[in-house]
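Here the structure is laid out as structure tokens; the discussion comes afterwards.
The values are calculated or read from the model by the stated rules, or taken from the named source; none is laboratory data. Remember, predicted model here, so these are calculated numbers, not experimental data. Heads up, the Cβs are rebuilt from the backbone with ideal geometry, glycines too, and the neighbour counts pull from every protein chain shown. Ligands, DNA and RNA are excluded from the accessible area calculation, which covers all protein heavy atoms including side chains. Shrake-Rupley method; radii C 1.70, N 1.55, O 1.52, S 1.80 Å.
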Amino acid sequence: MEERLGVFYGVSVGPGDSELLTVKACRVLKACPVIAAPQSQSGEQLALSIAGQAVDLDGKALLSLPFTMSRDPEVLEAAWEKNADLVAAYLDRGADVAMVVLGDVSTYSTYCYVMERLKQRGYPTQMIPGVTSFAAIAARLGESLVEGREALHVLPASHPDQLAGLDLPGTKILMKSGRELPQVLAVLQEKGLLDRAQLVANCGLPGELVCRDLRELDQPVGYYATIIVKEEAP
């Protein structure tokens, strides 16, 4: 009889507020014996911390997955393959593994890099959707993102070459803005968009910062920052 392989789940924990975890996310976390969590180079495991506020993780095996901030393709590939190996060791024993990720699992998620490599090896995977940072930020600001026929564009601000998308019509979301904030602000200023941009950093976390006028921003915001640029009203 063929032995069962474990399932590799990607579980969205939202941007910060643990109450934003879905019922399904909590159910999967409770059921899985192994919880995998991305670990920054500083040792931070924010997604794990958020999940632990919503679900009791005592007694579960915790698997830390170190991720690099390098943009070197060879370094990135080696890191993703190593993390896939770490997860596969549990899946081969029939243990289901739930990897917790910030925001939504389908949006700039570290889970997907590992998932694709495990799928190629024949392991079953499943994604559990959740609240994106920009959805939570729009709610925090008390504003709609788009209405009627307006378009929505999500741009990775950590890659400044993508800021050309600011010329597109509609609402622009600048994800991971904190890392390149000075350059992002300069581009917004150059394009005359600074007065239509709002920023929320560490949404739902201690130290949350809300800035409705970026011309008045006078403090560092950290890595977890998202900017919303609304289209000018007709």
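Calculate for the chain the 222 nm mean residue ellipticity that helices alone would give, adding -39,500 (n - 2.57) per DSSP H run of length 4 or more and normalising by residue count, nearest 500 deg cm²/dmol.
-8500 deg cm²/dmol
Can you find, among GLY222, THR68, LEU48, the residue farthest towards the positive end of the dipole of the chain? Put +1 on the C-beta of Lys and Arg, -1 on that of Asp and Glu.
About the Cα centre, the residue reaching furthest to the positive side is LEU48.
Taking a probe of 1.4 angstrom, what is the accessible area of ASP213 in Å², to the nearest 10?
40 Å²
Go ahead and run the numbers for FRET between ASP218 and SER40, Cβ-Cβ distance against an R0 of 35 Å, rounding to 0.05.
FRET efficiency, ASP218 to SER40: 0.85.
Any chance you could give the angle, 0 to 90 degrees and rounded to 10, that helix 110-120 forms with the longest Cα principal axis of the chain?
Helix 110-120 and the main axis of the chain meet at about 40 degrees.
Report, as a whole number in µm² per second, the diffusion coefficient that Stokes-Einstein gives for the range 1-140 at 25 °C and 0.890 mPa s using the Kirkwood radius over alpha carbon pairs.
Numbers: Rh = 15.1 Å.
In µm²/s, the coefficient is 162.
For LEU65, LEU205, write out the residues from largest to smallest accessible area, computed with a 1.4 angstrom probe and no ligands counted.
LEU205, LEU65
Report relative contact order for the chain in percent, whole number only (criteria: Cα-Cα under 8 Å, sequence separation at least 6). Display every interim value, and only then the final one.
Details: 457 pairs, mean separation 50.2, N = 234.
Relative contact order, the chain: 21 percent.
In the range 36-178, what percentage of the DSSP-assigned beta bridges are antiparallel, given to the nearest 5?
Taking every DSSP beta bridge with both residues in the range 36-178, the antiparallel ones total about 0 percent.
Taking Cα atoms, how many degrees apart are the long axis of helix 181-190 and the longest axis of the chain, rounded to 10 and kept between 0 and 90?
40 degrees
Given the range 152-234 reduced to its alpha-carbon atoms as identical point scatterers, what log10 I(q)/I(0) does the Debye formula return at q = 0.12, 0.20, 0.25 Å⁻¹?
Results for the range 152-234 at q = 0.12, 0.20, 0.25 Å⁻¹ read -0.29, -0.83, -1.32.
Please compute the alpha carbon radius of gyration of the chain, then divide it by the globular-protein estimate 2.2 N^0.38 Å. Two decimals is fine.
Compared with the compact-globule rule of thumb, the chain sits at 1.08.
How would ARG196, ARG71 rank on accessible area, largest to smallest, probe 1.4 Å?
On the way: ARG196 70, ARG71 120 Å².
Order by accessible area, largest first: ARG71, ARG196.
Under 13 Å from the Cα of LYS230, which aspartates and glutamates turn up, not counting those fewer than eight places away in the same chain?
Within the straight-line cut-off, LYS230 pairs with GLU143, GLU147, GLU150, ASP167, ASP195, ASP213.
With 24 Å as the limit, write out which pairs from LYS119/LYS172; LYS24/LYS172; LYS24/LYS176; LYS82/LYS119; LYS30/LYS176 have Cα-Cα distances beyond it, or answer none.
Check vs 24 Å cut-off fails for LYS119/LYS172; LYS24/LYS172; LYS24/LYS176; LYS30/LYS176.
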